[in-house]
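The next block holds one structure in the form of C-alpha cells; read it before the comments.
The values are calculated or read from the model by the stated rules, or taken from the named source; none is laboratory data. Computed from a predicted structure; not experimentally measured. Neighbour counts are summed over all protein chains in view; Cβ atoms, including those assigned to glycine, are modelled from backbone coordinates with ideal geometry. Remember, those area values only see protein heavy atoms, side chains included, never the ligands or the DNA or RNA. Shrake-Rupley method; radii C 1.70, N 1.55, O 1.52, S 1.80 Å.
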Amino acid sequence: MTASEFPARLARVRLYEQVAEQITRWIGDNGLRAGDRLPPERDLATRLGVSRATLSQALVALEVIGVVVVRHGDGTVVTEAATGHARIGEAIRDHADRLPEVIETRDALETKLAALAARRRSDEDLARIDAALAFMAADVDNGGRGVEGDERFHAAVTTAAHSPLLARLMAEISDLIRETRIESLGQPGRPRASLAGHGAIAEAIRAGDPDAAARAMHEHVEMVSDVAVLRPEAESA
C-alpha cells in the first residue's frame, strides 16, 4: 500500500462538540420543538456529567449554527433549525474553519470604517454611537451578553463612516459576523471587555482622530477574536 492510499485522517472531536451532539440528540429524542426550553444549565451539566464551562461552550456552538438561542432571563430555547442539523459536529467544525477568514475580513473592513467615521461623523452619528453603548452597557449590567448592543454599536460606526460601498460589504458578511459575535460574547468576561473596547473606539471617533480610531478598532477585533473554538485544547479522536 502506498502513502497515497491511506484513508483521510480522522477528524479530532473536542469535548464540547460531543456535548453539543448529545444535546441535539436529546432534543430530538424528547420531541422538543421550536420555542421549547432546555433544562437550566446547572441541571443539564449534571445530567451530562460535564462542567458548566464545557456545557456553556457547547451551547454557544449550537447557537452559532442556529440550533438554539440563549435569551437572558428566558434560558436556552430550541429553534426551528434544531431538526435540520443531523451532523452537528461537522457544522461546528465548518464554522471553526471559516472563522479565521471572517476575522481577517472584519478587521480589514471595520478598521477602515472606524478611521472614516472619525473623519466624517456628524453629531447625529455620535448620538447613535452613544445610544448603542448605553444599550449594551445596560444589558451587560443586567447579566446579559450584549449581543444586540454590540451589533448596534458596529452598525452605528459603519453608518458614521458614510461609505455606502463599505456598508454594503459589511451587510454581505453580516450573518458571518453574527456568528463571530455570538462566539465571542459567549466567552467568560468578554461582554464587559468588549464594551470597554467600544468605549475606546467611540472616544477616538469623537476626538476626530482617524489613526487612533483605526488602532482601537483593530485592537478590539483582535481581542474579540480570541475564542475558545480557535484555542488549542486537549482533544480526543
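Around the Cα centre of the chain, unit charges on the Cβ atoms of Lys, Arg, Asp and Glu (plus for the first two, minus for the last two) sum to a dipole of about 220 debye. Out of all Cα-Cα pairs in the chain, roughly what percent, to the nearest whole number, are more than 27 Å apart? Here the long-distance tail beyond 27 Å is 40 percent of all Cα pairs in the chain. For segment 181-196, backbone phi angles converted through the Karplus equation (6.51, -1.76, 1.60; θ = phi - 60°) give residue-by-residue couplings of 5, 5, 4, 5, 6, x, 7, x, x, 5, x, 6, 5, 5, 4, 5 Hz, Gly and Pro being listed as x. Using Cα-only point scatterers and the Debye equation, what is log10 of I(q)/I(0) for segment 15-85 at each q in 0.13, 0.15, 0.25 Å⁻¹, rounded to two decimals? Scattering profile of segment 15-85, log10 relative to I(0): -0.29, -0.40, -1.22.
The alpha carbon gyration tensor of segment 117-224 gives principal lengths a ≥ b ≥ c with a/c of 1.5 or higher and a/b greater than b/c, which makes the shape prolate.
For L176, L185, L165, give me the order by solvent-accessible area with a 1.4 Å probe, most accessible first, ignoring ligands, DNA and RNA.
Order by accessible area, largest first: L165, L176, L185.
Rounded, prolate or oblate: which one fits segment 174-233, using the alpha carbon gyration tensor with axes a ≥ b ≥ c (rounded when a/c is under 1.5, else prolate when a/b beats b/c, else oblate)?
Prolate, because a/c is 1.5 or more and a/b exceeds b/c.
On the chain, 51 percent of the accessible area sits on carbon and sulfur atoms, based on a 1.4 Å probe. Taking the helices alone, the chain has a mean residue ellipticity at 222 nm of -21500 deg cm²/dmol, built from -39,500 (n - 2.57) per DSSP H run of at least 4 residues and averaged over all its residues.
Using a/c under 1.5 as the rounded threshold, could you call segment 31-130 rounded, prolate or oblate? The axes a ≥ b ≥ c are square roots of the C-alpha gyration tensor eigenvalues, and prolate needs a/b larger than b/c, oblate otherwise. Prolate, since a/c reaches 1.5 and a/b exceeds b/c.
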